[in-house]
1. Arranged by the count of other C-beta atoms within 10 angstrom, fewest first, what order do ILE135, ILE84 take?
2. Working from Cα positions, state the angle (0 to 90°, nearest 10) between the long axis of helix 18-37 and the longest principal axis of the chain.
3. Cα centroid distance between the range 80-143 and the range 1-56, in Å?
4. Based on other C-beta atoms within 10 Å, arrange ASP68, ASP116, ASP150 from fewest to most.
5. Give the calculated FRET efficiency between GLU149 and TYR17 to the nearest 0.05, with a Förster radius of 41 Å applied to their Cβ-Cβ distance.
6. So for the range 1-92, taking the charge dipole from beta-carbon charges (+1 Lys/Arg, -1 Asp/Glu), which of LEU18, ILE90, MET44 sits furthest toward the positive end?
7. Determine the equivalent ellipsoid of the chain by diagonalising the alpha-carbon gyration tensor, then write out the semi-axes as square roots of 5 times the eigenvalues, largest first, rounded to whole Å.
8. Give me PHE143, PHE32, PHE113 sorted ascending by neighbouring Cβ count inside 10 Å, so fewest comes first.
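A short reminder: the numbers here are calculations on the coordinates, not readings from a lab. This is a predicted model, so every value here is computed, not measured. All Cβ positions, glycine included, derive from the backbone under ideal geometry; neighbour counts span all protein chains shown.
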Amino acid sequence: MAIVVKRPKLSFWEKLYLPGIIKGLGITLRHFFLSLTGKTKVSMQYPEEKWDSHLPEYYRGAPALVTDEQGRERCVACQLCEFICPPRAITIHPEEIPSEDKWAKVEKRPQEFEIDMIRCIYCGLCEEVCPEQAIFLRKEYAFTGLKREDMVHNKKRLYEIGGVREGLVNKWNELK
């Protein structure tokens with residue numbers, strides 16, 4: 001059984017669409033004159049002007065790896081960030097830590113860690129899932145490259161971008 005929906009009756013002015021057109025032109029003219037007088041800014045001149053001071057607190061930028069205060073890498077190569085990444089932008093190849101090393105109890109570290117910045121959608125899932133707080137989204141947004149290979153950040157580049165992060169790292173906790 002079909003349901004019949006009755007349409008409301010339109011007045012003479014609503015049939016002409018004239019009030020809607022006049023409202024739209026009014027908004028357009030108001031924006032035009034405000035930008036012409038300099039009271040509102042329409043666009044930002046990118047190379048000269050940056051977003052740095054205008055970035056909101058919740059902005060999610062490029063992912064990067066961080067080290068602890070003593071320069072040790074936090075990543076334990078658990079590969080959770082690789083598994084949860086929707087566009088599959090993260091690639092990790094773990095390696096075992098030699099048994100003669102002081103931190104051999106950790107078992108793994110990343111031999112290779114790559115993030116394809118072209119594929120990354122800056123969703124922040126890698127940061128949320130990391131148990132050791134080894135990956136963070138930085139406020140940086142201006143990564144450029146002339147080739148695709150330039151946009152694939154390896155482990156060394158990710159540590160350069162990330163820097164040092166202070167705080168407890170479960171990986172280096174001797175009580176664990």
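1. Listing ILE135, ILE84 from fewest to most nearby Cβ atoms yields ILE84, ILE135.
2. 60 degrees
3. What the calculation gives is 43 Å, centre to centre.
4. The most exposed by this proxy come first: ASP150, ASP116, ASP68.
5. Details: r = 54 Å, r/R0 = 1.32.
It comes out at approximately 0.15.
6. Towards the positive end, the residue furthest out is LEU18.
7. Values: eigenvalues 531, 113, 46 Å².
After diagonalising the Cα gyration tensor, the semi-axes are 52, 24, 15 Å.
8. PHE32, PHE143, PHE113
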